[in-house]
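Enquirer: I have a structure here, written as structure tokens, and I will follow up with some questions on it.
The values are calculated or read from the model by the stated rules, or taken from the named source; none is laboratory data. Here the structure is a predicted model, which is why all the values come from computation and not from measurement. Here the Cβ positions follow ideal geometry from the backbone for every residue, glycine too, while neighbour counts run over all protein chains shown.
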Amino acid sequence: MAAGLFKSELKNPVLRWVDTRLPVITLMQKEYGTFPTPRNFNYFWNFGALATVTLLIMIATGVFLAMHYTPNSTMAFASVQHIMRDVNYGWLIRYVHMNGASMFFIVVYIHIYRGLYYGSYKFPRELLWMLGVVILLLMMATAFMGYVLPWGQMSFWGATVITNLFSAIPVVGTTIVQWLWGGFSVGNPTLNRFFSLHYLLPFVIVGVVFLHVVALHITGSNNPLGIDVKGPQDTLPFHPYYTVKDSVGLCVFLAIWAAFVFFMPNLLGDVINNIPANPLHTPADVVPEWYFLPFYAILRSVPNKFMGVMLMFASIGVLFVLPWLDTSPVRSCRFRPIYRILVPLLVVDVFVLGYVGAHHPQGFIILLGRVATAWYFLHFLVFTPLVGLFETPLPLPESIAAPVVRKSPSGGGPIPGGAVAKPMENA
Amino acid sequence: MRMRIIAALAFLMAPAGGAMAQDAAPLLHSHWSFDGIFGTYDDAAAQRGFQIYSQICSACHSMKYMAYRNLAGIGLSKAQIKAVAAAVTVPGGLDDQGKEIERPGRPSDQFKSPFPNDKAAEAAMGGALPPDQSLLVSARDGGPNYIYSLMQGYVTPPPGVKVPDGHYYNKYFPGHMIAMPPPLTANAVTYADGTKATLAQEAHDVATFLTYTSYPNLDEQHRLGVKVMLFLIFMTIVTYIAKRRIWADAH
């Protein structure tokens with residue numbers, strides 16, 4: 001073996017020749033083939049793979065849409081109709097893409113919940129978690145700008161309302177907003193730059209996802225017990241165990257996505273976006289897509305615009321510092337009798353915020369929005385640090401293998417009920 | 001506006017109550033052949049609806065995103081489409097001398113608009129622009145049921161309600177004051193296929209046609225959807241069996 005070549009163990013001479021010079025095959029084998037993965041994942045661990053697949057489908061459909069779309073304020077709406085009516089299977093590509101945005105957020109929100117419940121943000125996975133929050137922010141920006149492109153009424157007025165948020169910044173606010181618009185109102189320059197950025201940002205997301213995966217493969221995955229992998233008896237090779245398990249989840253997920261695409265493609269959309277943008281006619285209600293509603297509710301629950309904007313950004317920002325807000329040494333909520341109630345309550349709270357975001361802020365809705373907003377921040381800033389200090393965690397199992405492998409009862413302490421493998425995994 | 005945000009997967013059900021304050025009556029519901037996962041357009045109804053569109057609606061409403069060739073989707077033959085298109089004259093570009101010319105329509109042409117532009121339409125209609133009909137069903141809450149109801153919603157206003165000049169009272173229109181005069185009455189058209197032209201029948205037919213113009217690919221969407229769903233359900237079973245077999249030795 002000449003110096004400077006990688007010592008490949010591949011048998012096939014052609015693959016070996018490539019692998020000694022560019023060891024991507026060995027790399028893939030190591031990171032996705034034999035990669036030691038905790039053996040006790042439940043189906044919540046599907047969602048990272050689902051998000052990756054969704055990202056790829058969104059990019060693929062988006063590239064084809066961009067071939068037929070015209071980013072000009074006088075032609076954008078008509079070009080979308082051209083896609084829907086004249087382009088072969090254009091309707092299919094567009095329906096996959098527009099429902100894909102909703103699917104992406106559903107998957108990522110469940111992925112985040114998984115991280116919250118099983119403590120995947122804690123040492124040593126803080127940076128992994130923070131990269132995930134960066135991906136969420138990028139997704140939000142991408143989704144927002146994508147929604148503007150069809151140039152319907154809600155596209156236009158949504159863009160107007162959201163970009164105007166930046167005008168709340170003291171002194172430089174108005175300048176920033178005009179800089180974002182490329183003019184003195186949302187118009188053709190805005191549409192052009194949003195199209196450009198909507199095409200660019202998904203590839204930035206791909207880059208951050210790559211870093212997210214690199215970080216994951218350094219620390220290794222968390223697992224439902226939240227305890228560290230102690231040795232080979234605790235893990236399985238990623239392939240075929242988790243490739244096949246992810247495939248099951250992927251098929252179910254694609255079936256749900258397809259059900260939307262073919263049988264209710266417009267359910268999650270807003271009917272007035274089928275009316276071309278009209279700067280002279282404001283819709284009675286400007287409401288964001290469902291995945292932004294909780295944040296919209298936080299924004300509106302503060303009477304002061306600047307504070308509202310700050311609080312909305314803080315609702316994401318608080319996730320960045322979550323690894324240091326949580327004082328409990330125990331990761332998984334399975335062993336945290338109090339926190340395991342608080343995390344689902346946070347989900348209920350976010351649903352309430354979503355409900356508030358979809359309604360006119362008047363009367364009871366305002367009160368509900370403020371209580372839910374307060375609860376959201378109390379959860380992260382007060383409950384999370386305090387519960388970690390005062391909660392008595394349940395005894396942790398000694399290892400992953402101990403509760404999972406039933407036939408070797410040697411070792412391992414008391415087996416926590418929830419940790420026993422589910423019957424369906426005992427085929 | 002009558003906003004309905006429905007986040008599925010049991011996320012949120014929120015028919016924005018406050019926004020419904022314009023107290024439009026609950027919509028009438030008709031039976032639609034295109035509802036459901038196996039739904040397809042009733043071509044006869046859609047053709048009758050096209051007849052109403054041609055004889056009545058098209059006097060004021062444009063239908064920019066429909067081309068004459070799209071009528072094939074509701075069962076018109078090539079010869080019929082050619083004849084429909086040839087009945088209008090459209091701008092034909094420039095002749096050898098650089099003068100603008102007109103020519104008879106072709107199947108590839110878009111439906112001819114009744115007015116040269118929106119401004120002209122507004123001026124002719126007393127300031128109220130008749131909305132383009134190609135996306136009307138997809139741009140209204142209630143879709144076909146909204147059109148079906150609106151066509152039958154012209155009633156005497158309740159006592160004490162003053163209807164401004166140039167407006168009409170319609171119990172299904174948000175705010176009730178609609179600038180469009182009642183477009184349909186019983187026997188407003190004589191159907192080519194002999195169907196009795198009651199108001200409800202006309203409303204149903206025109207709503208069917210307008211649903212087609214909003215969603216011209218709906219038949220294919222449903223057909224393909226059933227196949228895709230069957231495939232994905234089959235693949236779910238296959239991968240699940242594979243998962244059980246592979247995991248059998250891991251427990």
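Enquirer: Consider A:Ile227 carefully, then state whether it is in a helix (DSSP H, G or I), under 30 Å from A:Pro393 (Cα atoms) and more than 19 Å from the chain's Cα centre (by Cα).
Expert: no
Enquirer: Within region A:245-274, how many residues are in a loop (DSSP other than H, G, I, E, B), touching an Asp or Glu at 6+ places or on another chain (Cβ under 9 Å) and facing chain B (nearest Cβ under 8 Å)?
Expert: Initial filter on region A:245-274 (in a loop (DSSP other than H, G, I, E, B)): A:264-270.
Then keep just the ones that are touching an Asp or Glu at 6+ places or on another chain (Cβ under 9 Å); that gives A:268-270.
From what is left, the residues that are facing chain B (nearest Cβ under 8 Å) are A:268, A:270.
Counting residues in region A:245-274 that are in a loop (DSSP other than H, G, I, E, B), touching an Asp or Glu at 6+ places or on another chain (Cβ under 9 Å) and facing chain B (nearest Cβ under 8 Å) gives 2.
Enquirer: Residues that are over 30 Å from B:Phe34 (Cα atoms) and of a type in the set (S, T, N, Q): does region A:266-288 have at least one?
Expert: Yes, region A:266-288 contains at least one residue that is over 30 Å from B:Phe34 (Cα atoms) and of a type in the set (S, T, N, Q).
Enquirer: Just a yes or no: is a residue in region A:54-71 under 25 Å from the mean Cα position of the chain (by Cα), closer than 21 Å to B:Thr239 by Cα and surrounded by 19 or more Cβ atoms within 10 Å (Cβ to Cβ)?
Expert: yes
Enquirer: Criterion first (within 16 Å of the chain's Cα centre (by Cα) and under 20 Å from A:Phe253 (Cβ atoms)) does A:Met130 satisfy it? Let's see the steps before the verdict.
Expert: Values: within 16 Å of the chain's Cα centre (by Cα): yes; under 20 Å from A:Phe253 (Cβ atoms): no.
Answer is no for this residue.
Enquirer: Could you tell me which residue of region A:361-389 is nearest to A:Gly226 (Cα to Cα), considering only residues that are within 14 Å of chain B (Cβ to nearest Cβ) and surrounded by 18 or more Cβ atoms within 10 Å (Cβ to Cβ)?
Expert: Initial filter on region A:361-389 (within 14 Å of chain B (Cβ to nearest Cβ)): A:361-366, A:368-369, A:372.
Going one step further and asking which of them are surrounded by 18 or more Cβ atoms within 10 Å (Cβ to Cβ), we end up with A:365, A:368-369, A:372.
On the way: A:Ile365: 38, A:Leu368: 35, A:Gly369: 34, A:Ala372: 29 Å.
Looking at residues that are within 14 Å of chain B (Cβ to nearest Cβ) and surrounded by 18 or more Cβ atoms within 10 Å (Cβ to Cβ), I get A:Ala372.
Enquirer: Out of curiosity, is A:Ser221 part of a loop (DSSP other than H, G, I, E, B), among the hydroxyl-bearing types (Ser, Thr, Tyr) and either under 22 Å from B:Lys243 (Cβ atoms) or at the interface with chain B (Cβ under 9 Å from one of its Cβ atoms) (or both)?
Expert: Values: part of a loop (DSSP other than H, G, I, E, B): yes; among the hydroxyl-bearing types (Ser, Thr, Tyr): yes; either under 22 Å from B:Lys243 (Cβ atoms) or at the interface with chain B (Cβ under 9 Å from one of its Cβ atoms) (or both): yes.
In short, yes.
Enquirer: Taking B:Ser108 as meeting all but one of (1) under 19 Å from A:Val271 (Cβ atoms); (2) of a type in the set (Gly, Ala, Ser); (3) touching a helix residue (DSSP H, G or I) at 6+ places or on another chain (Cβ under 9 Å), write down the number of the exception.
Expert: The single condition B:Ser108 does not satisfy is (1).
Enquirer: Still on this structure, I have one more. What tally of residues in region A:27-51 results from selecting those that are surrounded by fewer than 19 Cβ atoms within 10 Å (Cβ to Cβ), assigned to a helix (DSSP H, G or I) and either more than 29 Å from the chain's Cα centre (by Cα) or of a type in the set (S, T, N, Q) (or both)?
Expert: Result for region A:27-51: 1.
Enquirer: Here is a further query. Do we find that A:Trp129 is assigned to a helix (DSSP H, G or I) and more than 22 Å from A:Leu293 (Cα to Cα) in this structure? I'd like the intermediate steps shown before the answer.
Expert: Values: assigned to a helix (DSSP H, G or I): yes; more than 22 Å from A:Leu293 (Cα to Cα): yes.
So A:Trp129 passes the test.
Enquirer: Can you say whether A:Val206 is of a type outside the set (D, E, K, R), part of a helix (DSSP H, G or I) and modelled with pLDDT under 95, as far as the supplied structure shows? Let's see the steps before the verdict.
Expert: Details: of a type outside the set (D, E, K, R): yes; part of a helix (DSSP H, G or I): yes; modelled with pLDDT under 95: no.
No, not satisfied.
Enquirer: Can you find a residue in region B:98-113 that is away from chain A (no Cβ under 14 Å) and closer than 30 Å to B:His31 by Cβ?
Expert: Keep residues of region B:98-113 that are away from chain A (no Cβ under 14 Å), which gives B:98-106, B:112.
Still in the running and closer than 30 Å to B:His31 by Cβ: none.
Within region B:98-113, not a single residue is away from chain A (no Cβ under 14 Å) and closer than 30 Å to B:His31 by Cβ.
Enquirer: When the residues of region B:208-228 are filtered to those that are outside any helix (DSSP H, G or I) and within 7 Å of chain A (Cβ to nearest Cβ), which remaining residue is farthest from the chain's Cα centre (by Cα)? Write out each step before concluding.
Expert: Taking region B:208-228 first, the residues outside any helix (DSSP H, G or I) are B:215-217.
So of that shortlist, the ones also within 7 Å of chain A (Cβ to nearest Cβ) come out as B:216-217.
Working: B:Pro216: 9, B:Asn217: 13 Å.
For region B:208-228, the residue satisfying everything is B:Asn217.
Enquirer: Taking the condition of being surrounded by fewer than 19 Cβ atoms within 10 Å (Cβ to Cβ) and in contact (Cβ under 8 Å) with a residue 40 or more places away in the chain, how many residues in region A:251-282 meet it?
Expert: 5
Enquirer: Scan region A:146-154 and tell me whether some residue there is of a type in the set (Val, Ile, Thr) and over 20 Å from A:Ala314 (Cα atoms). Even if it seems obvious, please write down each step before you answer.
Expert: Filtering region A:146-154 for residues of a type in the set (Val, Ile, Thr) gives A:148.
If we keep only those that are over 20 Å from A:Ala314 (Cα atoms) too, we end up with A:148.
Yes, region A:146-154 contains at least one residue that is of a type in the set (Val, Ile, Thr) and over 20 Å from A:Ala314 (Cα atoms).
Enquirer: Okay, next question. Any residue that is surrounded by 14 or more Cβ atoms within 10 Å (Cβ to Cβ), within 14 Å of another protein chain (Cβ to nearest Cβ) and either under 20 Å from A:Ile272 (Cα atoms) or free of Cβ contacts under 8 Å to residues at least 60 places away in the same chain (or both) - is there at least one of those in region B:146-163?
Expert: So far as region B:146-163 goes, yes, one or more of its residues are surrounded by 14 or more Cβ atoms within 10 Å (Cβ to Cβ), within 14 Å of another protein chain (Cβ to nearest Cβ) and either under 20 Å from A:Ile272 (Cα atoms) or free of Cβ contacts under 8 Å to residues at least 60 places away in the same chain (or both).
Enquirer: Can you tell me which of (1) within 14 Å of chain B (Cβ to nearest Cβ); (2) more than 21 Å from the chain's Cα centre (by Cα) is the one A:Leu180 doesn't meet?
Expert: Of everything listed in (1) within 14 Å of chain B (Cβ to nearest Cβ); (2) more than 21 Å from the chain's Cα centre (by Cα), A:Leu180 misses just condition (1).
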